[in-house]
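Structure, as structure tokens:
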Amino acid sequence: MAIVVVGLNHTTAPVAVRERLAFSDATLAEALAHFRPPEVQELVILSTCNRVEMYLQTSDVDVSMASAVGFMAACHAVPPTQFTPHLYQLSDLEAVRHLFRVAASLDSLVLGEPQILGQVKAAYLAAQAAGRTGLIFSQLFERALRVAKTIRTETGISDHAVSVSYAAVELAKKIFESLQQRTVMVLGAGDTAELAARHLVSQGVTRVFIANRTSERAVLLAQALQAKAIPWEAFPEHLAYTDIVISSTSAPHPIIQPAMVREALRARRSRPMFFIDIAVPRDVDPAVNTLENVFLYDIDDLHNVVQENRRERQREALEAEALVWQEVQQFQQWLAVRDAVPTIVAMRQHAEAIRLQELEKALHKLGPLDERQRRVLEALTCGIVNKLLHAPTVYLKRASPEGQGRDAVHVVRHLFNLDE
Amino acid sequence: MYNVLFHVILFAYLLASLLFWLYMGLRQRWIFYLAHALLGGGFGLQTLILGYNLSIRTFPLWGEVATSLGLLSWAIIAIYLTAVWRYRIEALGSFIVPLAFLAAASAGVPVTTPVRLPLAVQHVWLGLHIVLALLGYAALTLMFCAGVMYLIQERQLKSKRPGAWYHYLPSLTLLDELNAKALLLGFPFLTQGIVTGSVWAKYTYGSYLHWNLTSLPLLLAWFIYALLLGGRRSLGWQGSKAARATVGGFIVVLASYFVHTL
């Protein structure tokens, strides 16, 4: 019995290869139903835009890996030579660790991204619905989902924004606490400004002003965002009512000067303001940042925040890796204990069968015996068997919790020839 | 007995302070809860001792200026627990609990046998005066911590290089709100403290303006409160200015206290 994973992901294969091997929901159900080589007992297929992986519980690692590759090729009508260089094949501990890392988003393109957990769960449920999971994969995937959730809540791996617009929202929340009831002004009606404004609106911003040099664009965008278009000339006087300014005009020189902001601050009794300047060349004079209760981030500043957050996630990932490793070992133990019990039973049955056989032979040769003599012979053979099997039984039981259980099982099965 | 209990309380506050700092670095939930358990235990014990002393109608805890500091730690923890319950600011403990520990530590061991104060001094006005004034000081301490946190967070945001502090500390708006609420809570406490204090002075010494050890810091603190309140109300002292004024005011009061007692 072995756990195996065969697949490719965003680091090993270009998108041109991944897209050809990806399973849609319909083809996934079909694949789960049709891939049934005799040596594969359990199967889960995980297919996302960044990875295609087949998890197998098999009695023969090499054969089942080969048939999985063959199946992928046949299923998508892609010659194996085109994707085998990108494949990775992991087995046992490494395969378990890989699945746990994938579910915890440690193997994702964006470290700590939240979607993968749902995708792993969906893949597991699909396999379950198709009747392709058994006891081992149920345990394996339940544990993978659990460790992923633990990592998300106990480490900061998903805490820090790693895109510019989310970083802007996060900064705004560190200034204003909540964005409910806040007012945003969008200067310029470009796509980036629209995207940032949409993020803010989704966070509860209630009032949005839009000003653009050509007012038709402003009106159009205002309709899309349920905002209020204001004439370009009117934006300075609206500053006093605005908490967050997103600026992305194509003006060649700064359009917002410290004096203008100072006046707005006076009118709004120094309540804080946040300027997000995503225009190049910049729209807001950098000196604005020196004003009290005013915070100005230009596009480079936001990129720096994102960079720093990435590093922060990487630091958190170290802790997550340790948690994954712990869980892998616990799963290993579970497997070992699970493996040890049938081996002990098999070993005893095997010995008992030999004992009975040999006892039968001896009784036959000895001829008629009285009850007491029979009992002595019975006790003698039982005693020999028990004394001989005591050490291997203890060895199996003791080996299980220390993670070498599977080796022990292997040794004992081999020594006693239990698999024949 | 008081000796032992006092050291138990002191040790609980010290350990809680260290745990809050540890939590700042490690961000493990269990450290946060353990720190609060220790803090709650120490606070409960202190409250019991206080209640017992009140019930036997002796005031050993505020017999001297120094022992009133022990009571100040009690007031600070009381204000902190209220603030944490209301605002859920996890970072607050790392700032304010060490101050409560320092207040308790500098109080020294209280007198072991409760000294029965002369009947005239034991007047109920004195007790009221001291408890109210101390709650006023404790609120000022809370404002100071909120102010320090505000200034750190503001620097993080202005520098555009948000680091560990940026993630640990709450938003500027929340810290400013905490500052404003503590001001509104503390000002009446302190005002009452001054009024009851002068009434007590009138009863005891025959004058409303008797000069004793605690009156200078008390009056200074009151003026700083009034200044902050006025600044917020009419000068638009929001955020940064309010934070800086609070931190400055707290340091002035502390300095005057030490100058006055030494």
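The values are calculated or read from the model by the stated rules, or taken from the named source; none is laboratory data. Every value quoted in this text rests on a predicted model; they were computed, and no experiment measured them. Cβ sites come from the backbone with ideal geometry, for glycine too, and all protein chains shown count toward neighbours. Quick note on the areas: whole protein, heavy atoms, side chains included, nothing else; ligands and nucleic acids left out. Shrake-Rupley method; radii C 1.70, N 1.55, O 1.52, S 1.80 Å.
In sequence order, the stretch A:379-389 has phi-based couplings of 5, 4, 5, 4, x, 4, 4, 4, 5, 5, 7 Hz under the Karplus curve 6.51 cos²θ - 1.76 cosθ + 1.60, θ = phi - 60°, and Gly or Pro positions carry x. Extension gain for A:Arg374-A:Ala29 works out to 118.0 nm (0.36 nm per residue, less the C-alpha to C-alpha distance). Candidate cross-link partners of B:Lys160 among the aspartates and glutamates, defined by an alpha-carbon separation under 12 Å and a same-chain spacing of 8 or more, comprise A:Asp298, A:Asp300, A:Asp301, A:Glu308. Interface between chains A and B: roughly 2200 Å² of accessible area buried, both sides summed (probe 1.4 Å, protein heavy atoms only). Overall, the protein assembly as shown carries a charge dipole of about 1960 debye about its Cα centre when +1 sits on the Cβ of Lys and Arg and -1 on the Cβ of Asp and Glu, all other atoms neutral. Taking the stretch A:56-88 and a reference point 7 angstrom along Cα→Cβ of A:Glu39, the backbone N atoms nearer than 15 Å belong to A:56-71. Neighbouring Cβ atoms from other chains, within 10 Å of the Cβ of residues in A:58-68, number 0 on average.
Put simply, when B:91-102, A:35-46 are sorted by average Cβ atoms within 10 angstrom per residue, most first, you get B:91-102, A:35-46.
Multiply the residue gap between B:Trp85 and B:Arg244 by 0.36 nm, knock off their C-alpha separation, and tell me the result in nm, one decimal place. Please report the intermediate quantities before stating the final value.
Values: separation 159, 0.36 × 159 = 57.24 nm, distance 2.54 nm.
Extra length available between B:Trp85 and B:Arg244 comes to 54.7 nm.
The helix-based estimate of mean residue ellipticity at 222 nm for chain A, built from -39,500 (n - 2.57) per DSSP H run of four or more residues and divided by its residue count, is -19000 deg cm²/dmol to the nearest 500.
Taking label points 7 Å from Cα along the Cα-to-Cβ direction, B:Leu22 and A:Arg213 give a separation of 6.1 nm. Compared with the alpha-carbon gap, the fully stretched path from A:Ala362 to A:Arg315 is longer by 9.8 nm at 0.36 nm per residue. FRET efficiency for the B:Tyr33 to A:Ser163 pair, using the beta carbon distance and R₀ = 45 Å, is estimated at 0.85. In this rough spin-label picture, where each label sits 7 Å from Cα along the Cβ direction, the B:Leu219-A:Asp407 distance is 8.2 nm. Peptides B:159-171, B:182-194 ranked from most to least packed give B:182-194, B:159-171, packing being the mean of other C-beta atoms within 10 angstrom over each peptide's residues.
Summarising the label geometry, the points placed 7 Å from Cα in the beta-carbon direction at A:Ala2 and A:Trp325 lie 2.4 nm from one another. Counting Cβ atoms of other protein chains within 10 Å of each residue's Cβ and taking the mean over peptide B:157-167 gives 6.
Which FRET efficiency, nearest 0.05, do A:Thr12 and A:Arg398 yield, Cβ-Cβ r, R0 56 Å? Efficiency at R0 = 56 Å is approximately 0.90.
The alpha-carbon of A:Lys121 sits under 16 angstrom from the alpha-carbons of these lysines, leaving out residues fewer than 8 places away in its chain: A:Lys149. Of the residues A:Cys49, A:Cys382, ranked by 1.4 Å probe accessible area with the largest first, the sequence reads A:Cys49, A:Cys382.
Starting from the Cα gyration tensor of the stretch A:51-202, take the square roots of the eigenvalues, sort them a ≥ b ≥ c, and report rounded, prolate or oblate (rounded when a/c is under 1.5, otherwise prolate if a/b is larger than b/c, else oblate).
Prolate is the answer for the stretch A:51-202, as a/c is 1.5 or above and a/b outweighs b/c.
Summarising the amide proton neighbourhood of A:Leu296: residues at separation of 5 or more, or on other chains, whose placed amide H is nearer than 5 Å comprise A:Phe275. Sequence-ordered 3J(HN,Hα) estimates for the stretch A:287-294 from the Karplus curve with 6.51, -1.76 and 1.60 and θ = phi - 60° stand at 5, 4, 5, 7, 6, 5, 6, 10 Hz, glycine and proline given as x. Across chain A, C-alpha contacts under 8 Å between residues 6 or more apart give a mean separation that, scaled by the residue count, equals a relative contact order of 12 percent. Taken along its principal axes, the alpha carbon cloud of chain A reaches lengths of 120, 48, 31 Å, longest axis first.
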